[in-house]
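Dumping the structure here so I can ask a few things about it.
The values are calculated or read from the model by the stated rules, or taken from the named source; none is laboratory data. Predicted model only: the values in this text are computed from it and were never measured. Using ideal geometry, Cβ is built from the backbone for each residue, glycine included, and neighbour counts are taken over all protein chains shown. The accessibility values were calculated without ligands, DNA or RNA, using every heavy atom of the protein model including side chains. Shrake-Rupley method; radii C 1.70, N 1.55, O 1.52, S 1.80 Å.
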Amino acid sequence: MTNTFTDRQLEIIQVAGKILTESGVSGLTIKNLAKEMGFTEAAIYRHFASKEKIVIGLLAYLANNMDERYTTALDNDLNSEEKFIILFQNQFSFFHKNPHFVGAVFYDGLMEVSEQINLNILKIMKMKMKHLKPILLEGQKTNVFTNAIPVEDLAHIVMGTMRLQMFKWRGANFQFDIQQKGDYTIQSLLTLIKKQQ
């Protein structure tokens, strides 16, 4: 799915993510994008019809990339706790290597730009839930995770905690090791959600 973009479109998406992360949605203009890439504005428009289409393309790329990565990483032979750890280690590793995409996923102002962008942000959240909820459900069925909290609420608690960690990393201008801090956060969450023996 991620290969539905041309190499040039992927290049534009990556630079757009960098501008979005550094300058927010107001800084992401076709003019700034063209300047950053050393292109003319017309050259950008040959690949994307508008700024909105670039952001939608970026979000679609991230959703498809996430689905592919998680599907590959989550081996069925793993138990629910191992899957939980791998799911989030995979995510922290991806953003550690690609901090320029953080603004696209963890920038609240983006949801106000257009309905289509909003729908694509929700698609990313749904993609994460698609992989997380079965892990939590399996953990509850095998008495690894607590049954005191419904799966839906458990997923919101977990995702909210991870989202806050990413906001803190972005707010600190990526100055701390997100993989190390991420591992600590994963273990803290497991301490909270695991069933007391």
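Between a first residue in the stretch 76-97 that is farther than 14 Å from LEU136 by Cα and a second residue that is open to solvent by 10 Å² or more (accessible area, probe 1.4 Å) and not hydroxyl-bearing (Ser, Thr, Tyr), which pairs have beta carbons less than 6 Å apart while being 6 or more apart in sequence or on different chains?
Pairs found: ASN90/ARG69; ASN90/ALA73; PHE92/GLN179; HIS96/GLN179.
Go through (1) modelled with pLDDT of 90 or more; (2) surrounded by fewer than 16 Cβ atoms within 10 Å (Cβ to Cβ); (3) not aromatic (Phe, Trp, Tyr) for ALA34 and report which single condition fails.
Here ALA34 clears every test but (2).
Further question on the same structure: Residue under question is PHE174, and the condition is that it be part of a loop (DSSP other than H, G, I, E, B), out of contact with any strand residue (DSSP E or B) (no Cβ under 6 Å at 6 or more places or on another chain), open to solvent by 20 Å² or more (accessible area, probe 1.4 Å) and closer than 25 Å to VAL55 by Cα; does it hold? Show your work before the answer.
Values: part of a loop (DSSP other than H, G, I, E, B): yes; out of contact with any strand residue (DSSP E or B) (no Cβ under 6 Å at 6 or more places or on another chain): yes; open to solvent by 20 Å² or more (accessible area, probe 1.4 Å): yes; closer than 25 Å to VAL55 by Cα: yes.
For PHE174, the condition - part of a loop (DSSP other than H, G, I, E, B), out of contact with any strand residue (DSSP E or B) (no Cβ under 6 Å at 6 or more places or on another chain), open to solvent by 20 Å² or more (accessible area, probe 1.4 Å) and closer than 25 Å to VAL55 by Cα - is met.
For the stretch 44-62, what are the residues that are open to solvent by less than 40 Å² (accessible area, probe 1.4 Å), part of a helix (DSSP H, G or I) and of a type outside the set (Ser, Thr, Tyr)? Step through it out loud before you land on a result.
Going residue by residue through the stretch 44-62, those that are open to solvent by less than 40 Å² (accessible area, probe 1.4 Å) are 44, 48, 50, 54-62.
Filter once more, so that each one left must be part of a helix (DSSP H, G or I): 44, 54-62.
If the condition is that a residue be open to solvent by less than 40 Å² (accessible area, probe 1.4 Å), part of a helix (DSSP H, G or I) and of a type outside the set (Ser, Thr, Tyr), then ILE44, ILE54, VAL55, ILE56, GLY57, LEU58, LEU59, ALA60, LEU62 are the ones that fit.
Among what's in the stretch 63-86 and is more than 23 Å from ILE157 (Cβ to Cβ) and not charged (D, E, K, R), pick the residue that is surrounded by the fewest Cβ atoms within 10 Å (Cβ to Cβ).
ASN76
Being open to solvent by 60 Å² or more (accessible area, probe 1.4 Å) and of a type outside the set (D, E, K, R) narrows it down to one residue among LEU154, LEU136, LEU189, LEU164; which is it? Give the derivation first.
Details: LEU154 fails: open to solvent by 60 Å² or more (accessible area, probe 1.4 Å); LEU136 fails: open to solvent by 60 Å² or more (accessible area, probe 1.4 Å); LEU189 fails: open to solvent by 60 Å² or more (accessible area, probe 1.4 Å).
Every option except LEU164 fails the conditions.
Right, next: Go through the stretch 1-31 residue by residue and tally those that are at pLDDT 90 or above and charged (D, E, K, R).
4
Kindly establish whether GLN14 is touching a Leu at 6+ places or on another chain (Cβ under 9 Å), open to solvent by 50 Å² or more (accessible area, probe 1.4 Å), assigned to a helix (DSSP H, G or I) and polar (S, T, N, Q).
Values: touching a Leu at 6+ places or on another chain (Cβ under 9 Å): yes; open to solvent by 50 Å² or more (accessible area, probe 1.4 Å): yes; assigned to a helix (DSSP H, G or I): yes; polar (S, T, N, Q): yes.
Against the criterion (touching a Leu at 6+ places or on another chain (Cβ under 9 Å), open to solvent by 50 Å² or more (accessible area, probe 1.4 Å), assigned to a helix (DSSP H, G or I) and polar (S, T, N, Q)), GLN14 qualifies.
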